[in-house]
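What follows is one structure encoded as structure tokens, with my remarks underneath.
Read-outs: derived from the displayed coordinates by stated rules, not from any lab. These figures come from a predicted structure and were not determined experimentally. Here the Cβ positions follow ideal geometry from the backbone for every residue, glycine too, while neighbour counts run over all protein chains shown.
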Amino acid sequence: MLGKTAGGLFWMFRSLERSENTARLIETGFRIALTRPGSEEWASVLKTAAADQAYTANHGAVEQSRVINFLLRDPGNPSSVMSSFSQARQNARIVRTAITREVWEAVNDAYVSLKDRLARPVPERDLPDVLAQIRQHSALVRGTLHGSMLRNDMFDFCRLGTFLERADNTARILDVKYYVLLPSVMQVGSSLDNVQWETILRSVSGVRAYNRLNHGKATPMGIADFLIFDPRMPRSLRYSVTKILSNLRMLHAEYSDWHACHDTIERLDRRLTRQTVEEVFEEGLHEFLTEFLAETGRLGAEIETDFKFTE
Amino acid sequence: MTSGQKFFDEMRGINDVTRAPYDAYASWFQSEDPKGLIKEAKEAEAFFRRTGITFNVYGQADAEERLIPFDIVPRIISSKEWALLAKGIDQRVRAINAFLYDIYHRQEILRAGRVPKELIARNEAFLPMMMGVEPPGGIYTHIVGTDLVRTGESEFFVLEDNARTPSGVSYMLENRETMLQMFPELFSSIKVRPVAGYPTALHASLAACMPPDPSPEPTVAILTPGIHNSAYFEHAFLADNMGVELVEGSDLRVRDGRIAMRTTRGYKPIDVIYRRVDDDFLDPLNFNPGSLLGVPGIFDVYRAGRITIANAPGTGISDDKAIYSYMPDIVEFYTGENAILKNVPTWRCSEPESLAYVLDHLAELVVKEVHGSGGYGMLVGPAASRKELEQFRAKLQAKPGGYIAQPTLALSTVPILTKAGLAPRHVDLRPFALFSPNGVQLIPGGLTRVALKKGSLVVNSSQGGGTKDTWVLEDD
């Protein structure tokens, strides 16, 4: 397979994951704003989407409809839902020969209908519909990937993009909110303010799952454990790292080359299997997340070099 | 157009009676509800947009992806008509290849005075660097898309030879897929020859042209200028259906005297490149130094016989419209036979007498740039305004050698489906031929382009033309 193609697949699925995550953040922000007026949730949503600086530069004060528009469809925001989707589709065109017709059609369909739907600012009353549509499109693309692609190196690069972006996203959600999970602010074992835990869990579509596993008892450590270490939670760091590890191992099996990225992912995986949430809190949650984000950043760069995405 | 002029209609002939190849289709059409068909035609458009069959139009501000309109009424060719075309194209492809070999070697045809020397020597499409180069298998024109027009029951003319990088074959394939989806019942009652084997045939034909001493399994790749090229969809479509890599210049480099592509596991050599990049952009070291699309040094590898480039560099000379006018001589010179397919009578404006005639009859003629393509820079006399005529007259006088002129042909029509029912529109036809040491292979079908505007004779997609599925019927 061409290095360029591998890179195209990787970035296509990274962008798709990103657009889905941004949509989920908007959904969370909107929900909190409706149910908890005055909670200033939008500022932290912008920060989580790494769009706070760009937003302030362009729009100044945080204002709901402007934030939604910025995150949803502003072409000046490279991680807006529409920008990410356009990038995904652009990459899909580049790798058109590596993806199946089903995957291509799902991406292209989504692009065509989103472009139409997001041609104008979305009125608040339509927002839930639009966000649901984005979620459905993402699910469809993922479904076609699973149902129609050969399980070979191409599939591995798609998955690497997905899970690297997901790990990054979950780590950022936690990092923006790490202060509400700090034991110094909240006593260990005490209940969290509803808004705060709801936001965190909603941003990863994990409210019901968490409540089911923890009988509705939200504690800082419980939530951190769930999002960092729970191997059953499909958006946890541990889960994402396990997936990246398995896809990189598959590439090793297929190519029989061992690269720097293999060392990095083994190191990350060892950490997440051996460490406990108590140790993380001892070390400092923010420090832990900062290092995790640095490691995934390095991993992404290594994958790019090791598999010759570019010259 | 002069109003009231009678055109040959492929469905209803000249006398408004259904022609034999359309019998079965016409009776099917009679039994259909036109409103339902129009609805289905709309659905076809949605289908095309979904599958991403779009093309970019050069010169449009935001390079939007546009759909080529598709019309659901097929263009139908009987097996007998096709047999004649096939024979004619076979002859022409062989003659063009022989001509190219000769032009780039001993130049016998120039010595014999059958084609003027200046026409070659001063031609931009002539590549002096190809002199004495042996293309693998002796093949220059691996893929040819001959443009044909029809003016009567048995009147076919070759309009252009397209021996450079003919495009449009993906539409031939996708139009058929669409028709199969929309009207399966038609294909169970009418025996239409399949076209779906084209990608496999192309792969086999290209592999048969590989250089001597290749890899054990010949590796074929398609070289595209990239996603912004107007035909990118087609490049990807073909690579996908042939199961080969779609590469850009930045994926390739010269390694150990061969062309290699950068894969996830390092560089891997290629044996055959089907390039959809013009000669000029192929190799910045040997041709246009500003090109970012090509591969530095590829021409040196080619000259050393270690890569097949399809079509070969320098084939553009046979596409030249001034050379075109000599095609009957060229066919005769190399095959010893008369050309089976006729040329359109052509005035070479480089010749003073012809120029005088053309200037006198500008309003009746079609004038084309010698090196032009895609319907750009051409004048359709009968459709032009007085001002346009005068502007073109000035251009002609300034650079007569840059133009040829042809009579305005009474192109045949095929009906399209409109809200008011069937309406005749002018068409042309581009069948695709593959050439390898194993011979010429013609796919039974082609690209039918149709001018959607009433009375228009310009079928180019870049000028608002559409396409139709092209049916070649099986023998009865």
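Summary of computed values
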| item | result |
| --- | --- |
| Hull-based mean projected area of chain A, where the convex hull spans the alpha carbons, in square nanometres | 15.9 |
| Over segment A:1-149: Rg over Rh, Cα atoms, Kirkwood Rh | 1.01 |
| Compactness relative to 2.2 N^0.38 Å, alpha carbon Rg of segment A:24-81 | 1.00 |
| Pairwise FRET efficiency - A:SER148 versus B:LYS191, Cβ, R0 = 35 Å, nearest 0.05 | 0.60 |
| Segment B:70-156: trypsin sites (Lys or Arg not before Pro) in DSSP loop, at most 10 other beta carbons within 10 Å | B:ARG122 |
| Check: chain B dipole with +1 on Lys, Arg Cβ and -1 on Asp, Glu Cβ, in debye | 500 |
| From phi via Karplus (6.51, -1.76, 1.60), per-residue ³J(HN,Hα) for segment A:217-224 in Hz, x at Gly/Pro | 9, 9, 10, x, 5, x, 5, 4 |
| At 1.306 mPa s and 10 °C, Stokes diffusion of segment B:156-277 via Kirkwood alpha-carbon radius, µm² per second | 96 |
| Average Cα contact separation per residue, segment A:1-149, under 8 Å, 6 or more apart, as relative contact order % | 29 |
| Kirkwood Rh (inverse of mean 1/r, distinct Cα pairs), chain B, angstrom | 23.4 |
| Relative compactness, segment B:345-476, computed as alpha-carbon Rg over 2.2 N^0.38 Å | 1.27 |
| 10 Å Cβ neighbours from other chains, averaged over peptide A:2-9 | 5 |
| From the C-alpha gyration tensor of segment A:230-311, square roots of 5λ in Å | 25, 14, 10 |
| Dipole magnitude (debye, nearest 20) for segment A:163-311, charges at Cβ of Lys, Arg, Asp, Glu | 760 |
| Cα-based convex hull, segment A:163-311, per residue volume (Å³, whole number) | 107 |
| Helix-derived mean residue ellipticity, 222 nm - over chain A, DSSP H n ≥ 4, -39500 (n - 2.57), to 500 | -24000 deg cm²/dmol |
| Ordering of A:280-286, B:323-329 by packing [mean C-beta count within 10 Å, highest first] | B:323-329, A:280-286 |
| Computed helical MRE - 222 nm, chain B, DSSP H runs ≥ 4 contributing -39500 (n - 2.57), nearest 500 | -9000 deg cm²/dmol |
| Nonlocal amide H pairs with B:ARG425, under 5 Å, H built at 1.01 Å | B:VAL414, B:ILE416 |
| Amide H within-cut-off set for B:ILE259, under 5 Å, with H built and near neighbours excluded | B:ILE270 |
| Test item: A:218-231 mean partner chain Cβ contacts at 10 Å | 0 |
| For segment B:345-408, radius of gyration divided by Kirkwood radius, i.e. Rg to Rh on alpha-carbons | 0.91 |
| Percent RCO, i.e. relative contact order, over segment B:345-408, from Cα pairs under 8 Å lying at least 6 residues apart | 50 |
| Alpha carbon Rg of segment B:228-280, scaled by the compact-globule rule 2.2 N^0.38 Å | 1.19 |
| ³J(HN,Hα), Karplus 6.51/-1.76/1.60, whole Hz, each residue of segment A:46-63, x for Gly, Pro | 4, 5, 4, 7, 6, 10, 5, 5, 4, 5, 4, 4, 8, 10, x, 5, 6, 9 |
| Rounded to 5, the percent of DSSP beta bridges in the protein assembly as shown classed as antiparallel | 75 |
| Pairwise FRET efficiency - B:GLN397 versus B:ARG111, Cβ, R0 = 22 Å, nearest 0.05 | 0.05 |
| Under Karplus coefficients 6.51, -1.76 and 1.60, residue-wise ³J(HN,Hα) of segment A:11-23 in Hz, glycine/proline x | 6, 4, 7, 5, 5, 4, 4, 5, 5, 5, 5, 5, 4 |
| Chain B: relative contact order in percent, alpha carbon pairs under 8 Å with at least 6 residues between | 23 |
| Beta bridge orientation in chain B: antiparallel %, DSSP, nearest 5 | 75 |
| Ranked by how many other beta carbons lie within 10 Å on average, peptides B:234-244, B:37-47 from highest | B:234-244, B:37-47 |
| Cα gyration tensor of the protein assembly as shown - equivalent ellipsoid semi-axes, whole Å, descending | 58, 31, 23 |
| Long-range amide H partners of B:GLY297 with built H, under 5 Å | B:LEU285, B:ASN286 |
